[in-house]
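S.K.: Questions regarding the structure given below will be posed in turn.
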Amino acid sequence: MSKEADKVNHGPTLVIHGGAGIINPDNFPESKQKEYIDALNGALLAGYEILKKGGDSIDAVEVSVRILEDCPFFNAGKGSVFTLSGKNELEASIMLGIDSHTAGACTLLRTVKNPITLAKTLLQDPENPHVFLGGIEAEKYAKSKGLEMVDPGYFWTKQRWKQHLDGLEKKKPENLKMLNDLDGGDSRDADDPISMGTVGAIAVDINGIISTATSTGGFNNKKDGRIGDTPLIACGTWADNETCGVSGTGNGEFFIRHGVAHDVAARMKYLKESVQDAASTVVKNLKKIGGDGGVIALDKYGNCKLINGITSILIFVGINDNFFYKVAMPFNTNGMFRGYIRVSEGVPYSYIFHEQ
């Protein structure tokens, strides 16, 4: 690639994901795929409208994730999975890439319509000394701040309830050995294209600020009270203007144990790796130890190449003559809902499978 190409200024950019996992094309007709692509494009365009007007990256990622939370296709907000006892317990986090690493996170939510908005409110509240709130107190706080509250039944969807019941059937004693043989005892439905449909977004604005947001309902038939990687800063969410922003999706326990989101940034900072090399290495290493999933990552460097052995889409994006950003979207499963949009183009690009 030429030196001139390295200096192309593409302006503020937004990248999103709607989860990675086992997505069988045979059980996922093109008409349904189009519905998911349209949903991703809608989220991208909403964030784009903010960025193109010179708005802040944190507002762009919040509105994009809110739209995905409101869409029943994805495992966040309205489309969240159920716990073993048949409840929805939601969680989210958001982070700014500035030096103070300002962040907000929340978990074990049952009545907050948009967890990502609660996370953003926690981050921006000058009277709030905490990064992370959960459960009843988090919901009390949300209500006190005027956030939209809903009856727990709002999150119910027919598809998710069926997955919940199917999962309970699998856990009957006579089926447990077969389940363990098939997938190590994991209660997620292998035929569900969005069982790991965590959603996330990263944006860089005209001021060079990177923001990352992630939201999820967890995984199907998790134990009540389980907290995953999504609300844990450095595990499922990270933002640092000097390295990158990262949002993860997949098997949360592995993301927690290995601090996946921060690991990508750390490899860039200490090993001087590019965002594509750092992100791809982290995701490949996850696969070696049994962790399925993927990440989206955005940094400020200009080289672009395809990573061998793992899908990674890289896009040049620049904010001015001194800063250059690109996007990486590697995953180690057979599919990941993902997309990006550049203010310089105004055209959303969304994908599902490796070959796209």
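The values are calculated or read from the model by the stated rules, or taken from the named source; none is laboratory data. Please read all numbers here as calculations on a predicted model, not as lab measurements. So basically every Cβ, Gly included, is an ideal-geometry build from the backbone, and we count neighbours across all protein chains shown. Just so you know, the surface numbers come from the protein's heavy atoms only, side chains and all, with ligands and any DNA or RNA stripped out. Shrake-Rupley method; radii C 1.70, N 1.55, O 1.52, S 1.80 Å.
S.K.: Within the stretch 73-84, can one find any residue that is open to solvent by 10 Å² or more (accessible area, probe 1.4 Å) and assigned to a strand (DSSP E or B)?
M.R.: no
S.K.: Oh, and also: Considering every residue within the stretch 343-350, establish whether at least one is more than 19 Å from the chain's Cα centre (by Cα) and either modelled with pLDDT under 65 or surrounded by 18 or more Cβ atoms within 10 Å (Cβ to Cβ) (or both).
M.R.: yes
S.K.: Which ones in the stretch 233-262 are crowded, with 24+ Cβ neighbours inside 10 Å and part of a helix (DSSP H, G or I)?
M.R.: Result: 252, 255, 260, 261.
S.K.: Being modelled with pLDDT under 95 and either of a type outside the set (A, V, I, L, M) or out of contact with any Phe, Trp or Tyr (no Cβ under 8 Å at 6 or more places or on another chain) (or both) is true for just one of 86, 79. Which residue is that?
M.R.: Checking each option against the conditions leaves just 79.
S.K.: Spot the failing condition for residue 98; the list is (1) assigned to a loop (DSSP other than H, G, I, E, B); (2) within 19 Å of the chain's Cα centre (by Cα); (3) β-branched (Val, Ile, Thr), and only one is missed.
M.R.: Just one mismatch for residue 98, condition (2).
S.K.: Now for a separate question. Restricting to the stretch 107-152, what's the tally of residues that are open to solvent by less than 80 Å² (accessible area, probe 1.4 Å), outside any strand (DSSP E or B) and not β-branched (Val, Ile, Thr)?
M.R.: So the answer is 18.
S.K.: What residue, of 104, 54, 47, is closer than 18 Å to residue 210 by Cβ, in contact (Cβ under 8 Å) with a residue 24 or more places away in the chain, in a helix (DSSP H, G or I) and among the small types (Gly, Ala, Ser)? Working first, answer last.
M.R.: Numbers: 104 fails: in a helix (DSSP H, G or I); 54 fails: in a helix (DSSP H, G or I).
Residue meeting the stated conditions: 47.
S.K.: Considering each residue of the stretch 117-146, count those that are within 21 Å of residue 201 (Cα to Cα) and touching a Ser or Thr at 6+ places or on another chain (Cβ under 7 Å), and give that number.
M.R.: 2
S.K.: Do we have residue 20 as under 29 Å from residue 134 (Cα atoms) and either open to solvent by 10 Å² or more (accessible area, probe 1.4 Å) or at pLDDT 95 or above (or both) here?
M.R.: Here the answer is no, as residue 20 does not meet what is asked.
S.K.: Please indicate, with yes or no, whether at least one residue in the stretch 194-211 is part of a loop (DSSP other than H, G, I, E, B), crowded, with 24+ Cβ neighbours inside 10 Å and modelled with pLDDT of 95 or more.
M.R.: Within the stretch 194-211, none of the residues are part of a loop (DSSP other than H, G, I, E, B), crowded, with 24+ Cβ neighbours inside 10 Å and modelled with pLDDT of 95 or more.
S.K.: Separate question: Out of all the residues in the stretch 85-103, which are among the β-branched types (Val, Ile, Thr) and open to solvent by 10 Å² or more (accessible area, probe 1.4 Å)?
M.R.: 98, 102
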